[in-house]
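Colleague: Here it is, the structure, as structure tokens.
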Amino acid sequence: MRRLPVYLLLDTSGSMTGEPIEAVKNGVQVMISSLRQNPQAIETAFISVITFDSDARQLVPLTDLASFQMVDIKATGTTSLGAALRLAATSIDNEVTKTTAEQKGDWKPLVFIMTDGIPTDDWQSGLEEFKKRKTAYTVACAAGSGADANLLKQITENVVSLDTADSQSIAKFFTWVSASIGVTSTKVEDSGKEVTGLGELPPPPSELNVVV
Amino acid sequence: MEDIIAVVDSLFRNRGIAITDDRKALFNSFLEAERNQALIDVIMQTGNLLMAGWKQEERIADLQQQLLRIPNATVGKDYTATLDFQKLGWQDMVQTAFSGLEAIGLAYDPATGQISGTPTQSGDIPLQFLYRLDTEKEDASLHAKSLTLTVNPDPKSLWKNLESDTQDPYWKEDHVTKFAPLGDRHIVVSSKRGRSHANVGSFREDDFAFDSLENGWQIVVVADGAGSAKLSRKGSALACASVVEYFKEEAAKTSMAGFDAVLQQYLAQQEAATEKELNNFVYNNLGKAAFTTHKKLEVFAKESGATLKDLSATLIFTLWKKYEAGYAFLSFGVGDCPIAVLNRDVTEVTLMNWLDVGEFGGGTRFITMPEIFQNKQFATRFGFKLIDDFSYLFLMSDGIYDPKFVVEAALPKISKWQEFLADLGGNNEAGTKVDLNPDNPEIAQQLSQWMDFWSPGNHDDRTLAIVF
């Protein structure tokens, strides 16, 4: 079966302490629960969680929705976005099956990045690695005024921003991510076509500003 | 003695009584007095009790904090999860139980630490793990540790089956299955709306047609409307109908009659020239049918205010006729639907067409694309095969091909077709069986039922035509 891999790259740096980190945890949880109600998503979507602070780690390897269990995350340290991008690239290499004559590979992965700050590491070199991998689309979310939407624009053309990194805005972001994964899983299954950009995803709620 | 001195000394000190050096001897004899020894024992025992109590308190606090995770379950699916007391470091638990499991169809066996059963209800189920430690009295009430068990819904139950809008001008039946004689053979064909369409009440986009033509020719057509095209249900229906229509027209009838001579000439002298003539014949006749179909779709699009793209559909068709030398099969194909002929003994498969498949899917081609007719590959879209005798002819949409053959590389393998036949014969998860026998009065219903097979991630429309 062709899986739809989804990578969540979540900022767990010190500035996320308190309300934001709790909102992220909660957001992922709610997202998973709602996707489990979607017949296409529960069969095809596989989720991985990569967090980044002073370093990046893959907290949850690519896991089917039915078995997925959210891991506790804590906010601490700096913002190694570059390391997260590099880790996403190697995770894609290791986890996403390529199509060959003998087997049908997975769908191209979806990548969602959420950060509330400016990268503190050499993020360009991580980005360079990341860009070598094929994704269906990458969406970056600049949460609050500390994030630089223009910098994220260099990672992907699909950038949304939240005015504040409060629990309500973060929850809205994850609701939208959930809807986007749902739409994508329906689309790949129904028409055998990948979704390629923001235009094909559900319209973001008013809390999410599309950065053009 | 030393530790007793230390205990009492610190007790006294805490109360502001210091034992000075010159009173040490007196202090020692004071402690040795029988009456005081008994009092000291009480202090020591009480202290030990207090410490044990505190240790237990801390242990319970640790246990309450310790992360306890059990794997997620799924409604209707057998579930077992075992608590590994060694690994959890819970050797000090002497009595354990669960509350909340029975209500969802699960049970816990304290002897083995195993939770098992078949969940009946989905959701994030709150559970309590109950335990008593070996340091506690037997009648002590159990401690409760809260945890959540995630029970996934049965994916099958999530699919809705909404009827398509019968008032739609391009509506067609969600499911069609037909059985009929065809030439010296029979055909059973079923076309069913996929679950992904049923889930949202949209239409079946696949279609098919078959007929007996003049001069002993038979024809079967299958078309698969593109999921992304608005009116592809009409496109596929129109494409199928127009191919058959084309071959029923006088011009085509006359032209097709010429095949007998071309074939005879080829059989008499199998060389480049006669083969070329034969291939040209196929190219001209079937190519014209394909192009006429394209044009009809174009006209329809114009008249109905739609675009040609709205009607996007793949198209495969094959014509065959029985000759003394065997069965002559002619074919055309655009898109990702295979046509295959199995020989009499089912030891060889002949594929009539190649498939338009892209690296990441979605690379298919449609009869509505004008560029396919100009592309130099166009000539390779036709097939001619002379086969002594055949057991089965299959035409299928990707809704069957994807789950059953998965990749193009599987199609030339006869073993895959033998498996496919065994699958049709009942060798499948649901145990549904199609008895491919013309005398079987249930054949259509059997195929229709077989078509509903479950395959995760494969819920597209399905069309399967079997000539036998």
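Colleague: Which of the residues spanning segment B:4-30 are among the aliphatic types (A, V, I, L, M) and either over 16 Å from B:Gly47 (Cβ atoms) or loosely packed, with under 12 Cβ neighbours inside 10 Å (or both)?
Modeller: Listed by number, the residues that qualify are B:Ala6, B:Ile17, B:Ala18, B:Ile19, B:Ala25, B:Leu26.
Colleague: Just one of the numbered conditions (1) out of contact with any Leu (no Cβ under 8 Å at 6 or more places or on another chain); (2) more than 26 Å from B:Ala226 (Cβ to Cβ); (3) buried (at least 17 other Cβ atoms within 10 Å of the Cβ) is not true of B:Asn285; which one?
Modeller: (1)
Colleague: Another question about this same structure. Is there a residue in segment A:47-55 that is within 14 Å of chain B (Cβ to nearest Cβ) and assigned to a strand (DSSP E or B)?
Modeller: Yes, segment A:47-55 has at least one match.
Colleague: Return the only residue of B:Asn152, B:Asn199 being polar (S, T, N, Q) and in the same structural domain as B:Leu393 (by TED's automatic domain parsing).
Modeller: B:Asn199
Colleague: Restricting attention to segment B:132-177, and to residues there that are more than 14 Å from chain A (Cβ to nearest Cβ), among the aliphatic types (A, V, I, L, M) and part of a loop (DSSP other than H, G, I, E, B), which single residue is nearest to B:Phe210 (Cα to Cα)?
Modeller: B:Leu142
Colleague: Against the definition (more than 13 Å from chain B (Cβ to nearest Cβ), surrounded by fewer than 24 Cβ atoms within 10 Å (Cβ to Cβ) and closer than 26 Å to B:Lys156 by Cβ), how does A:Leu35 come out, yes or no?
Modeller: In short, no.
Colleague: Have a look at A:Gln29, A:Gln37 and point out the one that is polar (S, T, N, Q), under 15 Å from the mean Cα position of the chain (by Cα) and at pLDDT below 95.
Modeller: Testing whether each residue is polar (S, T, N, Q), under 15 Å from the mean Cα position of the chain (by Cα) and at pLDDT below 95 leaves just A:Gln29.
Colleague: Report whether or not B:Asp206 is buried (at least 17 other Cβ atoms within 10 Å of the Cβ) and over 29 Å from B:Ser255 (Cα atoms).
Modeller: yes
Colleague: Tally the residues that are among the β-branched types (Val, Ile, Thr) and either within 18 Å of A:Lys134 (Cα to Cα) or within 11 Å of chain B (Cβ to nearest Cβ) (or both), restricting the search to segment A:171-212.
Modeller: Residues in segment A:171-212 being among the β-branched types (Val, Ile, Thr) and either within 18 Å of A:Lys134 (Cα to Cα) or within 11 Å of chain B (Cβ to nearest Cβ) (or both): 6 in total.
Colleague: Run A:Thr99 past the list (1) among the hydroxyl-bearing types (Ser, Thr, Tyr); (2) under 21 Å from A:Lys134 (Cβ atoms); (3) at pLDDT 95 or above; (4) surrounded by fewer than 24 Cβ atoms within 10 Å (Cβ to Cβ) and report the number of the one that doesn't hold.
Modeller: Of the numbered conditions (1) among the hydroxyl-bearing types (Ser, Thr, Tyr); (2) under 21 Å from A:Lys134 (Cβ atoms); (3) at pLDDT 95 or above; (4) surrounded by fewer than 24 Cβ atoms within 10 Å (Cβ to Cβ), the odd one out for A:Thr99 is (3).
Colleague: Separate question: Give B:Ile187, B:Ile125 a once-over and let me know the one that is assigned to a strand (DSSP E or B), in contact with a strand residue (DSSP E or B) (Cβ under 9 Å, 6 or more places away or on another chain) and not assigned by TED's automatic domain parsing to the domain that holds B:Gly100.
Modeller: B:Ile187
Colleague: Could you check segment B:197-219 and list, in sequence order, the residues that are out of contact with any Gly (no Cβ under 8 Å at 6 or more places or on another chain), under 18 Å from B:Ser236 (Cβ atoms) and within 14 Å of chain A (Cβ to nearest Cβ)?
Modeller: If the condition is that a residue be out of contact with any Gly (no Cβ under 8 Å at 6 or more places or on another chain), under 18 Å from B:Ser236 (Cβ atoms) and within 14 Å of chain A (Cβ to nearest Cβ), then B:His197, B:Ala198, B:Ser202, B:Phe203 are the ones that fit.
Colleague: Kindly indicate whether B:Leu393 is away from chain A (no Cβ under 14 Å), outside any helix (DSSP H, G or I), over 30 Å from A:Arg2 (Cα atoms) and in contact (Cβ under 8 Å) with a residue 40 or more places away in the chain.
Modeller: no
Colleague: Assuming B:Ala409 fulfils every condition listed in (1) within 14 Å of chain A (Cβ to nearest Cβ); (2) surrounded by 14 or more Cβ atoms within 10 Å (Cβ to Cβ) apart from one, which condition is it?
Modeller: Going through (1) within 14 Å of chain A (Cβ to nearest Cβ); (2) surrounded by 14 or more Cβ atoms within 10 Å (Cβ to Cβ) one by one, B:Ala409 breaks only (2).
Colleague: Next up: For A:Leu9, only one of the following conditions fails: (1) surrounded by 15 or more Cβ atoms within 10 Å (Cβ to Cβ); (2) over 23 Å from B:Val75 (Cα atoms); (3) free of Cβ contacts under 8 Å to residues at least 12 places away in the same chain. What is its number?
Modeller: (3)
Colleague: Right, next: Of all residues in segment A:50-68, count the ones that are out of contact with any Phe, Trp or Tyr (no Cβ under 8 Å at 6 or more places or on another chain) and under 23 Å from A:Ser169 (Cα atoms).
Modeller: So the count comes out to 3.
Colleague: Of the conditions (1) part of a strand (DSSP E or B); (2) of a type in the set (A, V, I, L, M); (3) closer than 25 Å to B:Pro456 by Cα, A:Val195 satisfies every one except a single condition; which number is it?
Modeller: Among (1) part of a strand (DSSP E or B); (2) of a type in the set (A, V, I, L, M); (3) closer than 25 Å to B:Pro456 by Cα, the lone unmet condition for A:Val195 is (1).
Colleague: Name every residue in segment B:86-115 that is among the hydrophobic types (A, V, I, L, M, F, W, C), exposed (fewer than 15 other Cβ atoms within 10 Å of the Cβ) and over 19 Å from B:Asp154 (Cβ atoms), in order of residue number.
Modeller: B:Leu88, B:Val94, B:Ala97, B:Ala107, B:Ala111
Colleague: Here is a further query. So which of B:Asp461, B:Asp402, B:Asp398 ends up being surrounded by 14 or more Cβ atoms within 10 Å (Cβ to Cβ), modelled with pLDDT of 95 or more and under 18 Å from the mean Cα position of the chain (by Cα)?
Modeller: The match here is B:Asp461.
Colleague: A further question follows. Counting just the residues of segment A:102-120 that are within 21 Å of A:Leu162 (Cα to Cα) and crowded, with 22+ Cβ neighbours inside 10 Å, which one comes out nearest to the other protein chains (Cβ to nearest Cβ)?
Modeller: A:Leu110
Colleague: Of the residues that make up segment B:428-445, is at least one buried (at least 16 other Cβ atoms within 10 Å of the Cβ), among the aliphatic types (A, V, I, L, M) and not in a loop (DSSP other than H, G, I, E, B)?
Modeller: Yes: segment B:428-445 contains one or more residues that are buried (at least 16 other Cβ atoms within 10 Å of the Cβ), among the aliphatic types (A, V, I, L, M) and not in a loop (DSSP other than H, G, I, E, B).
Colleague: Right, next: I'm checking my understanding of the structure. Among residues of segment B:452-468 that are in contact with a His (Cβ under 8 Å, 6 or more places away or on another chain) and closer than 27 Å to B:Asn343 by Cα, which one is farthest from the other protein chains (Cβ to nearest Cβ)?
Modeller: Ranking the qualifying residues of segment B:452-468, first place goes to B:Phe468.
Colleague: Can you tell me which residue in segment B:32-74 is modelled with the lowest pLDDT, limited to those that are exposed (fewer than 11 other Cβ atoms within 10 Å of the Cβ) and within 14 Å of chain A (Cβ to nearest Cβ)?
Modeller: The qualifying residue modelled with the lowest pLDDT is B:Leu67.
Colleague: Of all residues in segment B:118-143, which are surrounded by 14 or more Cβ atoms within 10 Å (Cβ to Cβ) and either of a type in the set (A, V, I, L, M) or under 30 Å from B:Ala465 (Cα atoms) (or both)?
Modeller: Result: B:Ile125, B:Leu127, B:Leu130, B:Leu133, B:Leu142.
The values are calculated or read from the model by the stated rules, or taken from the named source; none is laboratory data. Computed from a prediction, not measured in an experiment: that's the story for all the values here. Cβ: placed from backbone, ideal geometry, glycine included. Neighbour counts: every protein chain shown.
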